[in-house]
Amino acid sequence: MIEHSDLVYVLADSQKFQEHGFHTITTWNAIDGIITDSKLSYSIYERYQKKVPIYMAKEDDFEDYIQF
């Protein structure tokens, strides 16, 4: 799917950056950006920003969509 896509974004909760995995899905060159929440630590942001752009959503952006 990645090979046939014009743009590839990784959507990951900030907690996922703390986990270690053994699987490689694709290379950094194939990713156009990362979308995550605003709880990503600055040190992790700095490390990954050198590889791809990181877009962080503000929590209040979604308040109108959350219904209980």
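The values are calculated or read from the model by the stated rules, or taken from the named source; none is laboratory data. Given the structure is predicted, the values throughout are model-derived calculations rather than measurements. Surface areas here come from the heavy atoms of the whole protein model, side chains and all, with no ligands, DNA or RNA. Shrake-Rupley method; radii C 1.70, N 1.55, O 1.52, S 1.80 Å.
Structural remarks
- Extreme residue, farthest from residue 43 (Cα to Cα), among residues of the range 2-26 that are open to solvent by 100 Å² or more (accessible area, probe 1.4 Å) and aliphatic (A, V, I, L, M): 7
- All strands (runs of 3 or more DSSP E) inside the chain with 1 or more residues being acidic (Asp, Glu) and modelled with pLDDT of 90 or more: 33-37
- Here the range 27-40 is the region considered, the condition is being of a type outside the set (Val, Ile, Thr) and open to solvent by 50 Å² or more (accessible area, probe 1.4 Å), and the residue that is nearest to residue 57 (Cα to Cα) is 38.
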